1. Find all pairs meeting these conditions: Cβ atoms under 9 angstrom apart; at least six residues apart or on different chains; first residue within region 130-145 and closer than 22 Å to residue 109 by Cβ; second residue hydroxyl-bearing (Ser, Thr, Tyr) and assigned to a loop (DSSP other than H, G, I, E, B).
2. Select, from 122, 149, 127, the only residue that is assigned to a helix (DSSP H, G or I) and touching a residue at least 40 places away in the same chain (Cβ under 8 Å).
3. Quick check on my filter: what residues within region 379-404 are assigned to a strand (DSSP E or B) and either at pLDDT below 90 or buried (at least 20 other Cβ atoms within 10 Å of the Cβ) (or both)?
4. Looking for something over 21 Å from the mean Cα position of the chain (by Cα), open to solvent by less than 70 Å² (accessible area, probe 1.4 Å) and not aromatic (Phe, Trp, Tyr) - is there at least one such residue anywhere in region 216-231?
5. Anything in region 284-318 that is in contact (Cβ under 8 Å) with a residue 60 or more places away in the chain and among the basic types (Lys, Arg)? List them, or say none.
6. Tell me which residues, restricted to region 239-249, are in a helix (DSSP H, G or I) and open to solvent by 20 Å² or more (accessible area, probe 1.4 Å).
7. Return the residues of region 181-203 that are over 22 Å from residue 45 (Cβ atoms), open to solvent by less than 20 Å² (accessible area, probe 1.4 Å) and not in a helix (DSSP H, G or I); say none if nothing qualifies.
8. How many of the residues making up region 336-349 are under 19 Å from residue 298 (Cβ atoms) and outside any helix (DSSP H, G or I)?
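The values are calculated or read from the model by the stated rules, or taken from the named source; none is laboratory data. Remember, predicted model here, so these are calculated numbers, not experimental data. When we count neighbours, we look across all protein chains shown, and the Cβ atoms used for this are built from the backbone with ideal geometry, even at glycine. With ligands, DNA and RNA removed, areas are computed over all heavy atoms of the protein, side chains included. Shrake-Rupley method; radii C 1.70, N 1.55, O 1.52, S 1.80 Å.
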Amino acid sequence: MIDFATIRQAIQELPNLAMASTGNPPTPADVFFPASHALALEPDVSLVIGNRGMGKTFWTLALASEEVRPLLSERYVYLRRSNMATLDVKLGFADAEGAAGAISRAVLESLPDDVQTEIIWRAVLVRVLAPYIAVSVPDRFFELVQWVRENPEAQLEIFTRCDAQFTSSGTSLLVVFDQLDQLATDWSRIQALTQGLIKIALAMKSYRSLKIKIFMRTDQAENKELFRFPDGSKILGGSKVLRWRASDLFGLLFFEILKSPVANGDFRKLCESLGVNFNIIDQKSKLPHSLVTESVKQSEVFHSLAGPFMGRNEKRGRPYTWLPAHLADGRGEISPRVFLHVMRVAAQADHLAPGATAVDYRGILEGVRDASSVRLAELEEDYPWVSDALSPLRGLLVPCEPAEIIERWRGDKTIDHIAGNYKGSRAPLDIPIASLFGDEESDQLISLLSEIGVFEERANGKINIPDIFRVNAGILRKGGIPPQERNRF
């Protein structure tokens, strides 16, 4: 007899992936290894691009962890040639506070505006490298920047000697940079510092054992001006993107349930009853191979947890395919943070009978409605004007012609409102707001909303708004989740 209450409890206790930070790094037990992320963690890949919630900070901290890093070589066969277990990793910039020895935003902002950004980042690297060869350099960062600017040959000698030392010992040094949106409070300054960092990443290609890895948000990477310098395209062209496939998301869910001491026994019995072989293990996740690689088996297991349909019959769809389709943004991307949030909310529903499944379709629907609010709130941390753009569209039926959206914006004076209220706001608003001043303001706003995944521009020219944003904004779609049913259950 399988007790679904224990599995429901484990789902209720799924972790909040937003909690990863320099003060709360992941432990080996926390790490799930999606197959598609291996190449992004390769030390020779200088630029990793990912949307909010895709794992940039998580992997930054995993790389920096002496406990977690050896697991990367063990789980990702491709990384074994990189000798990840002996790789030394330092944080160049990881958050505004400059935790774990990284440079802080306050220190960066204390520097004179006339200091070249490449000099700043070279100084950051000198501060990291000098102790390895016992070279004395100024302790105060301002003085170190001056020293680097006035002693280019001595600075290059530090790089060369360190590179030779690491190479001779068969190891490498990787300096990781994350949360670039925290580099400054002014977006133009963030962009200048970021471009300087990209130039240094390119320069470091001259060394064999000194490497830089930059984790960058998708919206920032799409600004091609950052890479508009000689050979800048080499960094962008060699970049990797963090994405989560549907099989990765369900694999993560099963990983977390099996981790639970409360649910492990019952969930294992359920899986075995469905033909899951626990003796055939996936090298990366250490889960049964079929739980992470076979969509048919994943769907059987999930439907045993959630029921077979997203309603009383098959007309509403099957949960395994329905859930990813309704969580994807306009770029087709799904955040694991949002996926686990939906499952937590679904498991907290109070209408489930004690002996019923772990979750059901009504709980999943409520989870998606709640996730829509959460995802929009997350997006507004970066783009606080998104709700202003969506508010006039309440009650609109999508997909629709762009003209219908533009007409509502004109009637509400949306463009004027956004430009007036947010011009000069904190990063990264200056770029999108500046783009709204011209002859085609509405078209540019549509393009921008498409770039950040709020809109989906279809091949027939119509605009769709994915459920993950549509539901909370009160926008309608035929056959979609009705916003007016929010909080019914």
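1. 141/110; 142/110
2. 122
3. Scanning region 379-404 gives a single hit, 398.
4. No, the conditions are met nowhere in region 216-231.
5. 284, 286
6. Residues satisfying the conditions are 246, 247.
7. Once the filter is applied, which keeps residues that are over 22 Å from residue 45 (Cβ atoms), open to solvent by less than 20 Å² (accessible area, probe 1.4 Å) and not in a helix (DSSP H, G or I), region 181-203 yields only 184.
8. 0
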